[in-house]
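Participant: Got a structure here, written out as structure tokens. Questions coming.
Please treat every number below as a calculation from the coordinates, not as lab data. All values reported here derive from a predicted model rather than from experimental measurement. All Cβ positions, glycine included, derive from the backbone under ideal geometry; neighbour counts span all protein chains shown.
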Amino acid sequence: MNDRGQPVRSVAAGVLQAVENGQSLTQCLPRALNEVADNERPQLQALCYGSCRWFHRLDAELQARLKKPLRKPDRIVHHLLLVALFQLRFSQQAPYAVLNETVEACRALNKPHLTGLTNGVLRAAEREGEPAWPDDVARFSHPHWMLEKLRHNWPHDWQAILDANNAQAPMTLRVNARRFSRNGYLQHLADAGIEAAATLFAPYGIQLVAPVPVDRLPWFADGAVSVQDEAAQLCTTLMDLAPGQRVLDACAAPGGKTCAILESCAALDEVVAIDESTDRLPRVQENLDRLDLIATLKQADAADIDQWWDQRPFDRILLDVPCSATGVIRRHPDIKLLRRESDIVPLASIQLGLLEAMWQVLAPGGRLVYATCSVFPQENHRIIRRFLKQQNDAVLIEPDVLWGRDMETGRQLLPAAESHDGFFYAVLEKPEP
């Protein structure tokens, strides 16, 4: 129990229930963090992320242990038991503490009639250990549709993708090239007692051996580095940026790639960053301010060019489209609960529509980099293939890179457990007339 009167486990159960009802962790976790004491926030975050990561496995075990499902008004206790099972199976917490504190949390949720059930289920779980996995859904802790789609699209890699999705992502930094060299900043990290190494593909990337709070990073508040996965950093290596160019970052929030563009080429004419979300656009400005960078921000639907375009074409466009985010599940495990197979076709339609719109604002001789954090071909190289069939003046550029897989119309990175996220990139150019 914390000084605000709410046990951490009961708060975590509420978050898990909100996620199952359609809210993302990004939406509901910040509110929940305010319900617990400051020193309990890391524990709450770990419980919420871990319970989402292993939801399907934990849920399979719980359903096997319950004689009948809990009534809808008592569903919160189902989530409380999932949180407790996560701790029993994946944390260092003493089992007796998990049992006792979960029973107390059950009372705090005004469900005293279920304390006996809670105690009995958890005692049996502790005594009997983890059961045999009934199927691959429980074994890999992914929804059935996603598992089957990955198996179909990546017959030789699907298990590695699932294992990577269940691993905790490493903490990766992007060095601000305006401030430091990568080797120089690596030395500052070493001086601060932080173990790290250069990333293999991103030229300004550094991966930490173990995550640290950002306030431990030398000169973080002054814009020395940003937290950004290696795969996301690769966008600037494909854009062929040069002084005097006008650059568009469509679908820009939270602004990591906008800042990477500005850092990698200091003499750009202008960088315009667009995002449809009024809630997320301030995050872009916060990142720009910390890094002492300037961009033109616009709140708009990038596809509706009449709403925002000033008729001045762009020399370079980064189009990081909305997608299923199946390449970043390890960072956002709630995707496994939130995403539906029925989402993919509508997303593909949005992606193709954005690509068609952005092509209209690209200057002749200009370059567009299409990006997703998805591993599904429907959102990636098949979109590019469809676009090339209908757009006669689009030329596919094959980048000379050592990373990713050649998908004929782009490069696909699959998530790697101790390295980068899953990402797709394609490079298109519009010839001069």
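Participant: Determine the shape class of the stretch 121-163: with a ≥ b ≥ c the square roots of the Cα gyration tensor eigenvalues, call it rounded for a/c under 1.5, and otherwise prolate if a/b is greater than b/c, oblate otherwise.
Facilitator: Details: a/c = 4.15, a/b = 3.03, b/c = 1.37.
Cα axes put the stretch 121-163 in the prolate bin.
Participant: Sticking with this one: Note down the magnitude of the dipole of the stretch 312-409 about its Cα centre, charges +1 on Lys and Arg C-beta and -1 on Asp and Glu C-beta and zero elsewhere, to the nearest 20 debye.
Facilitator: On the way: 13 positive and 12 negative charges, 49 e Å.
Dipole size: approximately 240 debye.
Participant: Under a cut-off of 16 Å between alpha-carbon atoms, report the lysines in cross-link reach of LYS430, not counting same-chain residues fewer than 8 places apart.
Facilitator: Answer for LYS430, where 16 Å is the Cα cut-off: LYS389, listed by chain and number.
Participant: Would you give the gap between the C-alpha center of the stretch 341-391 and the C-alpha center of the stretch 238-260, rounded to a whole Å?
Facilitator: 17
Participant: Still on this structure, I have one more. More than 29 angstrom separation, counting every C-alpha pair in the chain; what % is that?
Facilitator: Values: 47838 of 93528 pairs.
That fraction is 51 percent.
Participant: Suppose the chain between GLN159 and GLU128 were pulled fully straight at 0.36 nm per residue; how much longer would it get relative to their current alpha carbon spacing? Walk me through the numbers on the way to the answer.
Facilitator: Working: separation 31, 0.36 × 31 = 11.16 nm, distance 2.75 nm.
Additional length available on full extension: 8.4 nm.
Participant: Here's a follow-up. How far apart, in nanometres, would the label points at ARG179 and ASP292 be if each is projected 7 angstrom from Cα along the Cα-to-Cβ direction?
Facilitator: 0.9
Participant: DSSP beta bridges in the stretch 230-429, what fraction antiparallel, as a percent rounded to 5?
Facilitator: Working: 14 of 32 bridges.
Bridges in the stretch 230-429 are about 45 percent antiparallel.
Participant: Taking the Cα centre of the chain as origin, work out the dipole magnitude from +1 charges on Lys and Arg Cβ and -1 charges on Asp and Glu Cβ, in debye rounded to 20. Walk me through the intermediate numbers first.
Facilitator: Values: 46 positive and 55 negative charges, 309 e Å.
About 1480 debye.
Participant: Specify the angular offset, from 0 to 90 degrees and rounded to the nearest 10, of the alpha carbon long axis of helix 115-128 from the longest principal axis of the alpha carbons in the chain.
Facilitator: 80
Participant: Set the Förster radius R0 to 25 Å, insert the Cβ-Cβ distance between TRP145 and THR26 as r into 1/(1 + (r/R0)^6), and round the FRET efficiency to 0.05. Don't skip to the answer; put the middle values down first.
Facilitator: Working: r = 23 Å, r/R0 = 0.90.
Using R0 = 25 Å, I get an efficiency of 0.65.
Participant: Could you line up CYS48, CYS265 from fewest to most neighbouring Cβ atoms inside 10 Å? Provide the component values of the computation, followed by the final result.
Facilitator: Details: CYS48 28, CYS265 19.
Ordered by Cβ neighbours within 10 Å, fewest first: CYS265, CYS48.
Participant: Can I ask one more? What is the angle, in °, between the Cα long axis of helix 41-53 and the longest principal axis of the Cα atoms in the chain? Nearest 10 is fine, range 0 to 90.
Facilitator: Approximately 80 degrees, to the nearest 10.
Participant: Cα-Cα over 25 Å: which of LYS298/LYS336; LYS67/LYS149; LYS149/LYS336; LYS72/LYS336; LYS111/LYS336; LYS257/LYS298? Could the numbers behind the result be given before it?
Facilitator: Details: LYS298/LYS336 31 Å; LYS67/LYS149 32 Å; LYS149/LYS336 13 Å; LYS72/LYS336 22 Å; LYS111/LYS336 28 Å; LYS257/LYS298 15 Å.
Checking Cα-Cα distances, LYS298/LYS336; LYS67/LYS149; LYS111/LYS336 exceed 25 Å.
Participant: Can I ask one more? Can you figure out the FRET efficiency of SER342 with HIS152, using R₀ = 22 Å and their beta-carbon distance, to the nearest 0.05? Let's see the in-between values first.
Facilitator: Details: r = 17 Å, r/R0 = 0.75.
That pair, SER342 with HIS152, gives E of 0.85.
Participant: Between the helical axis of 95-108 and the dominant principal axis of the chain, each derived from Cα atoms, what acute angle in degrees is found, rounded to the nearest 10?
Facilitator: It works out to around 90 degrees.
Participant: How high is the FRET efficiency between LEU396 and ASN119 when r is their beta carbon distance and R₀ equals 60 Å, given to the nearest 0.05?
Facilitator: On the way: r = 62 Å, r/R0 = 1.03.
After rounding, the FRET efficiency stands at 0.45.
Participant: Here's a follow-up. Out of TRP133, VAL427, GLN285, whose Cα points farthest toward the positive end of the dipole of the chain (charges: +1 Lys, Arg; -1 Asp, Glu; placed on Cβ)?
Facilitator: Value computed over the given set: TRP133.
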